[in-house]
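The values are calculated or read from the model by the stated rules, or taken from the named source; none is laboratory data. Just so it is clear, the model here is predicted, and its values are computed rather than measured. Cβ sites come from the backbone with ideal geometry, for glycine too, and all protein chains shown count toward neighbours.
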Amino acid sequence: MSIVLNGNTGIQNVLGSASAPADTNTTTPTTGVYYPSATTWGVSTAGTNALYIDTSQNVGIGTTSPSAKLQIQGSQASGTANVLYLDNSSTTGTTLSSVSFSNAGNVKASIAACVAGDGYMTFSNNNNTEKMRLDAFGSLLVGTTATTGNASNSNYIAGGIFTTANGTLSVANSTATTFVTLPSLGNGVFIVSIGIPGAAGASNYLSTALVSTQTSTSVVSALHSGTNVSITTSGLNVQVTQTGGTTYTMSWSIIRVA
C-alpha cells in the first residue's frame with residue numbers, strides 16, 4: 001500500500017478493495033475505506049462492503065449498485081428482514097416515529113406510527129393533514145381520528161366505502177343488544193350480518209341487513225332473518241335480538257358499500 005503526498009493534489013491513496021481497504025486500522029485490516037473505482041467510494045467491515053456511493057451520488061447500504069439516492073438492501077431467506085428500523089426512545093406521552101415526504105423543505109405527506117401510547121398508524125397528505133388512521137384494534141378510520149362505538153365494539157370501522165370490520169359479542173335471550181354503532185358521516189349504506197357459525201340449526205340464527213344512515217339516524221332497508229334472530233336499529237345503533245332461550249356468543253361483520 002502506498003500513499004502519495006503532492007503539493008497540488010494533496011494526499012492520494014491506492015484504490016483498495018472491500019477485502020483490503022485503502023484506509024484501515026492496525027487491528028483489523030479488512031475494515032476501512034476503499035475506492036471501488038476512481039469515481040466511487042465505499043466502506044467495508046470484515047472484508048464486506050457496508051456502504052457504497054456511486055458516481056451519481058446514489059448511496060447504497062447492503063448493495064454496490066444503488067438505483068436511487070438511498071437504497072437499503074437486506075437478504076433473509078424466511079421471516080421478515082428489518083432493512084430499516086426507526087426508533088423513538090421516548091416512553092412517555094404519545095410518541096410517534098414517522099417518514100415524511102417534502103418539497104423544498106415543506107412536508108407534504110407522511111406515514112407515522114405511535115410507538116408509545118395508543119399504538120396506531122397515521123397516513124397524511126395534502127400539506128401533511130391526516131386522512132387515514134389504523135388504530136390499535138385494527139380498525140381503519142377514514143376522515144376521523146377517533147374510534148366510535150360502545151365498549152363491546154372497539155373493533156369498529158368508521159370510514160371509506162368497501163371498508164369492513166367484524167367482532168363477537170354475548171347476546172342474552174330476547175334482549176335487543178347493540179353490536180355496532182354506525183358513524184355520523186351523513187348518508188351511508190352498510191351491509192350488516194350477525195349469526196352463530198357452526199351451531200346446530202345455525203341458519204335459524206343468521207341475519208343479514210342492508211342499513212342506511214342519514215346523519216344521526218339509521219334504518220333497515222332490507223332484511224333476511226333467521227327464525228330466531230333479527231336486526232333492528234335505534235338511532236345509529238345496530239341491534240340484534242335472538243330468541244333461542246339462552247345466551248349466545250354471536251359473530252358480526254359489516255361492510256360499507258355507499
* Which listed residue, of 203, 170, 216, 184, is at pLDDT 90 or above and of a type in the set (S, T, N, Q) -> 170
* the stretch 17-53, residues that are in a loop (DSSP other than H, G, I, E, B) and of a type in the set (Val, Ile, Thr) -> 26, 27, 28, 30, 31, 39, 40
* Quick one: count up the residues across the stretch 209-251 that are in contact (Cβ under 8 Å) with a residue 60 or more places away in the chain and of a type in the set (Gly, Ala, Ser). => 3
* Structure fact -> If we keep only residues of the stretch 92-105 that are part of a loop (DSSP other than H, G, I, E, B) and hydroxyl-bearing (Ser, Thr, Tyr), then the residue farthest from the chain's Cα centre (by Cα) is 92
* Answer from 89, 56, 78 - the residue that is in a loop (DSSP other than H, G, I, E, B), at pLDDT 95 or above and surrounded by fewer than 15 Cβ atoms within 10 Å (Cβ to Cβ) -> 56
* Asked: If you take the residues in the stretch 94-140 that are within 20 Å of residue 167 (Cβ to Cβ) and of a type in the set (D, E, K, R), which one is surrounded by the most Cβ atoms within 10 Å (Cβ to Cβ)?
  -> 133
* Asked: Taking the stretch 220-247 on its own, how many of its residues are over 17 Å from residue 172 (Cα atoms), surrounded by 12 or more Cβ atoms within 10 Å (Cβ to Cβ) and of a type in the set (A, V, I, L, M)?
  -> 3
* Asked: So, of the residues in the stretch 249-258 that are of a type outside the set (Val, Ile, Thr) and modelled with pLDDT of 90 or more, which turns out to be surrounded by the fewest Cβ atoms within 10 Å (Cβ to Cβ)?
  -> 251
* **Residue ID - surrounded by the most Cβ atoms within 10 Å (Cβ to Cβ), chosen from residues in the stretch 59-75 that are touching a Pro at 6+ places or on another chain (Cβ under 8 Å) and not in a loop (DSSP other than H, G, I, E, B)** => 60
